[in-house]
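One structure is given here, and the rest of the page talks about it.
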2 protein chains.
Amino acid sequence: MSQSLTIMPVIGIGEIRPGDDLAAVISEAAELLDGDVLVVTQKVVSKAEGRLVQVDPKIGHKPLVIKESARVLRRRGDLIISETKHGFVCANAGIDLSNVEAGKAALLPLDSDRSARGIRDALTHRFGVDVAVVISDTFGRPWRRGVTDVAIGSAGLRPIVDLRGTNDALGRELQVTEVAVVDEIASAAELVMGKADGVPVAIVRGVEPSWFGDGGVVADVVRDPGEDLFR
Amino acid sequence: MSQSLTIMPVIGIGEIRPGDDLAAVISEAAELLDGDVLVVTQKVVSKAEGRLVQVDPKIGHKPLVIKESARVLRRRGDLIISETKHGFVCANAGIDLSNVEAGKAALLPLDSDRSARGIRDALTHRFGVDVAVVISDTFGRPWRRGVTDVAIGSAGLRPIVDLRGTNDALGRELQVTEVAVVDEIASAAELVMGKADGVPVAIVRGVEPSWFGDGGVVADVVRDPGEDLFR
């Protein structure tokens, strides 16, 4: 069915180390087509960018969380919910202790939209394939249990798309409905990454062509604190 | 690729009216296979269940929002963010004014997990196909702009799955990571529903078999207000 979407895990990507060329590694492992959306987890982007720091076992990772935060919103026990310097609201400033070398932690990319653009540009110019790139991370939510993957960076995709701004099927004018497709794509990709261990990349094929374009997650998705009813 | 996921819109479902037999309508329009997850939007479930009420144009829909809410959390201008009687936190108590007959509004199903079970049971017993059912709705989020689809009801699926409770690739024990796959499936389905007008049902094919099982969104996903740091 031409209107269907296929989500494929990219198998065979080994351990990523600081300085690794992610675009080359992904090109080697995946058969990309023009119009694909490539979803890459934050962890491998952070590793490739060398965003690894030593955690002092005597003081733990909390000082790091504070250092990576613009401000702390809530604390409960060991949990710190803060706003990162990018504007993301998440637990522990997005710092990752799992699947990282013992004693080390992976910080978020400094500029996650730039990271996405870097991968996209390398794939376009060196590997000749025109894909959008989404960098995903796993965040909790208020009100709802369980975590879901959302986008922390993107390139080549309009992060928010007005899907229902036209008249509804009954002929009346609808309110604009701005859908965060970039986050829905990150969540969809997670469904195949979670099936196997250590799958840091997935391909989403069949995304509506009109959704490709400019924008980034920090500029388009992060809500201005002044607009936010719950901060 | 056997580990991939396919998401297909179900085309050709016409206007749904109170009393319509959704399982029969869906069976007619879709070729379902055992192991599929069927995602159905709240709007058609509410219509089929006759959850339509008249809106008095003199007073608008706000009294309805208050009536459908367990408590109001925030107000700004015309926007009311409240907790519904199910425990969902959303705008306008999930009441839907678009694509509903003029002068009417669609309320959320009274028990959205029961609605999902009803569709699933009918498909199993009358149409002989063993699928999970997710009822989706479009909610905003704090911190992030744009709306995404989440689950408000489910049947036949474990809404939250521990995906990474085993040792990580580097051999250390990981924290349990409870992933709200039911919400990720709702978001994934929206990506194909938004491509065409008036597509209220999608099929997600290839979902990990171990995710099928018992549970519901209200019991498993709604966070207890006492646990919530932002209410």
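Between A:Gly77, A:Ala105, A:Asn92, the Cα set farthest toward the positive side of the dipole of the stretch A:52-108 (charges on each charged residue's Cβ, about the Cα centre) is that of A:Gly77.
Computed from the C-beta positions of A:Leu79 and B:Leu110 and an R0 of 25 Å, the FRET efficiency is 0.15 to the nearest 0.05.
P(r) for the protein assembly as shown, from all Cα pairs and a bin width of 10 Å, is 4, 21, 32, 27, 13, 3, 0 %, short bins first.
In a fully extended conformation the segment linking A:Lys62 and A:Ala219 would gain 53.7 nm over its present Cα-Cα distance, using 0.36 nm per residue.
As an exercise, use a Förster radius of 45 Å and the Cβ-Cβ distance of A:Thr177 and B:Asp130 to find the FRET efficiency, rounded to the nearest 0.05.
Working: r = 34 Å, r/R0 = 0.75.
Efficiency, rounded to the nearest 0.05: 0.85.
For chain A, what ratio Rg/Rh do Cα atoms give with a Kirkwood hydrodynamic radius? Rg divided by Rh gives 0.98. Computed from the C-beta positions of A:Glu227 and B:Asp162, the FRET efficiency with R₀ = 41 Å rounds to 0.75. A simple spin-label model places pseudo-atoms 7 Å from Cα toward Cβ; at B:Ser210 and A:Arg71 they are separated by 4.3 nm. Across identical copies of the chain, B:Pro209 has label-point separations of 3.9 nm, listed in ascending order, with the point defined 7 angstrom from Cα along Cα→Cβ. Shown here are the Rg and Dmax of the Cα trace of the stretch B:48-172, at 18.2, 65 Å.
Give me D for the stretch A:52-108 in µm² s⁻¹, whole number, from Stokes-Einstein with Rh from the Kirkwood sum over alpha-carbon pairs, 37 °C and 0.692 mPa s.
290
Taking the Cα centre of the stretch A:72-231 as reference, the dipole from Cβ charges on Lys and Arg (+1) and Asp and Glu (-1) amounts to some 420 debye.
Throughout, read-outs are computed from the coordinates displayed, never taken from laboratory work. None of the values given here were measured: they were computed from a predicted structure. Methodologically, a virtual Cβ is constructed for each residue, glycine included, from the backbone with ideal geometry; neighbour enumeration extends over all protein chains shown.
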